[in-house]
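Here is the structure we will look at, set down as C-alpha cells.
The values are calculated or read from the model by the stated rules, or taken from the named source; none is laboratory data. The model shown is predicted, which means the values in this text are computed figures rather than measured ones. Don't worry about glycine lacking a Cβ; one is built from the backbone with ideal geometry, like all the others, and counts go over all protein chains shown.
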Amino acid sequence: MLRKLIFLIGLCFILSGCCSILNNRVCLLKRFSANRSGIESLLNRQEDGFYRLRDDIKNNKLKTGLSKNKIISEYYSPVFSYLRDKDKNITKVLVYRHPTEYFSSELIYLFFDRRNRLTAWQLFEPPDLSVL
C-alpha cells in the first residue's frame, strides 16, 4: 500500500512537471504569435506612410518648412536617418522606402536644416532589375 502511495505521488510530480513544460511551450508560441501580429501592424503602418509620402511628393503636396516631427507623425518613422555635417544648410536626412521591397522600391530622401525644418527632398525610382 505504501509503495502504491509513493508511486502515485511520484507520478503526480512527474505529470505536473510535464504539464508545466508543455504550458510554457504553449505560452511561448502564443507570445510569438502576438509578436508576429505586432510586426505585421508595424509593417502595415510603415507601408501606408511610405505610399502617402510618395504620392504627396508626386502630386506636389509636400511643402518645405514642415518640422521633422510633423513629417514622422504624418508618414511614420523612416527606415534610416543620419546626420550630415558636410553641408551647413542640411544637417539631417531621413530615408524612406517600402519596408519589405528592398531592391524594387523607390527611395525618398528628406533633407532638414538645423531647425529641423524640411528644406528639400529627392525621389529615386527603383532600378530596372529585369536587365540583370
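Computed values, structure above
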item	result
Selection status of residue 85, among the acidic types (Asp, Glu) and at pLDDT below 95	yes
When residues of segment 54-76 are limited to those that are touching a helix residue (DSSP H, G or I) at 6+ places or on another chain (Cβ under 7 Å) and hydroxyl-bearing (Ser, Thr, Tyr), the one modelled with the lowest pLDDT	76
Count - residues of segment 51-80 that are in contact with a Lys or Arg (Cβ under 7 Å, 6 or more places away or on another chain) and either under 23 Å from residue 126 (Cα atoms) or hydroxyl-bearing (Ser, Thr, Tyr) (or both)	4
Pairs, first over 18 Å from residue 43 (Cβ atoms) in segment 55-84, second part of a strand (DSSP E or B) and among the hydrophobic types (A, V, I, L, M, F, W, C), C-beta under 6 Å, six or more apart	57/123; 64/118; 66/118; 68/112; 81/94; 82/93; 84/93
